[in-house]
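The values are calculated or read from the model by the stated rules, or taken from the named source; none is laboratory data. Predicted, not measured: the structure shown is a model, and the values here were computed from it. When we count neighbours, we look across all protein chains shown, and the Cβ atoms used for this are built from the backbone with ideal geometry, even at glycine. Accessible surface areas use protein heavy atoms only, side chains included; no ligands, DNA or RNA. Shrake-Rupley method; radii C 1.70, N 1.55, O 1.52, S 1.80 Å.
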Amino acid sequence: MTLRIDILTLFPAFFDSPLRESLLGRAIREELVDVRVSDIRDHAHDRHRQVDDASFGGGPGMVMKPEPVVEAVESLGPGDRRVVLLSPSGRPFDQPLAESLAAGPWIVLVCGRYEGVDERVVPLLGAEEVSVGDVVLSGGEAAALTIVDAVVRLVPGVIGNEESLAVESFDRGLLDHPHYTRPRSYRGLEVPEVLLSGDHARIAAWRREAALEKTRRNRPDLLQPPDPREP
Ligand code: SAH
C-alpha cells in the first residue's frame, strides 16, 4: 500500500518546488508515495476567512483558531492515520520516529504559524506534537518538509544503490564516518591513504574509528550511557 502524507498549512505554495525536486519529486512522480497539500484557510468559518485570533490571557502575537485546523483534518475523511502537529514543544524528531512514520499507512502533518495553534487541537485530533530541534522556526512548514524528506527516503524503492541506506549516521548510535571522493589532493589536503589501499578490513577499521572520533567531537551525548533514572 502506498504511504499517504497530507500536509495542512496556511502557505501551500511553500511546498511547490521541494516536492518537485530530486529524490522527493521522483518518489511522488513514480507514485511510491502520495503527498497532498491542503490550505487550512479553506476551512475558515467567517467571510473574512480568519484563521488566527488574540491569545486568551493576553500577550503579544496571534494564535491559530482551533476550528479551521480540526475541520481541515476531518475533511480528509476517516482512516488509520497519525496526526503530527509540528511544535517546538513537541517530542524530538529522530530516526526511530521517522522509521515508525514511514511504516504508514497515513500521516497528517499540521503546520502552525504565529504563536502556535490553540492547544485544544491536540486532544481533539489525538495529535502527536513533534519538534525538529531546539530552535524556534517562524512556521511548521520547514519542519514538515524535514519530516516528509526523512520519511520518504525510507519508503522501499525510493533510494537506489547509489544512495544506500545501509551505513549512516544514527545507525548503531554513531554518526556516519567521513566520506571522500576525487581529487585525491585538494588545496594541500590529501584523502586518507588507507582509503586508497584497497584493504577492506583496514578501511572498515579506519571508518569505525573515524566515526567514533567524529561522534565524540560533535555529539558526545550519543556516547553517554542511558540514565538509569529515566523510564
Ligand atoms: N510560541 C511558540 C513558537 C511558535 S512558532 C513557542 O514559543 O513555543 C510557530 C510555529 O512554527 C509553531 O506552531 C510550529 O508549527 C512551528 N515550529 C517552530 N519551531 C518548530 C520546531 N522546532 N519544530 C517544529 N515546528 C516548529
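Reported value for the chain: 198 Å³ per residue, from the convex hull of its C-alpha atoms.
The antiparallel fraction among DSSP beta bridges confined to segment 3-152 stands at about 15%.
The simple Förster model, with R0 at 30 Å and r as the Cβ-Cβ distance, assigns residue 100 and residue 200 a FRET efficiency of 0.35. Net charge near residue 225, counting Lys/Arg +1 and Asp/Glu -1 over other residues with Cβ under 15 Å of its Cβ? Charge balance near residue 225 sits at 0. Taking the alpha carbon gyration tensor of segment 55-156, multiplying each eigenvalue by 5 and rooting it gives semi-axes of 24, 17, 10 Å, largest first. In the context of the full set of protein chains, residues of segment 3-152 present 51 Å² of accessible surface per residue (probe radius 1.4 Å, heavy atoms only).
Taking the centroid of alpha carbons for each part, segment 159-231 and segment 51-103 are 36 Å apart.
Across the accessible surface of segment 1-80, with the other protein chains kept in place and a 1.4 Å probe, carbon and sulfur atoms take up 50 percent.
Sequence-distant contacts, meaning Cα pairs under 8 Å at least 6 residues apart, place the relative contact order of the chain at 19 percent.
With the convex hull drawn around the C-alpha atoms of segment 169-223, the volume per residue stands at 87 Å³. Give me the percent relative contact order of segment 169-223, please, defined on Cα pairs under 8 angstrom at least 6 residues apart. Computed over segment 169-223, the figure is 44 percent. The simple Förster model, with R0 at 25 Å and r as the Cβ-Cβ distance, assigns residue 176 and residue 21 a FRET efficiency of 0.65.
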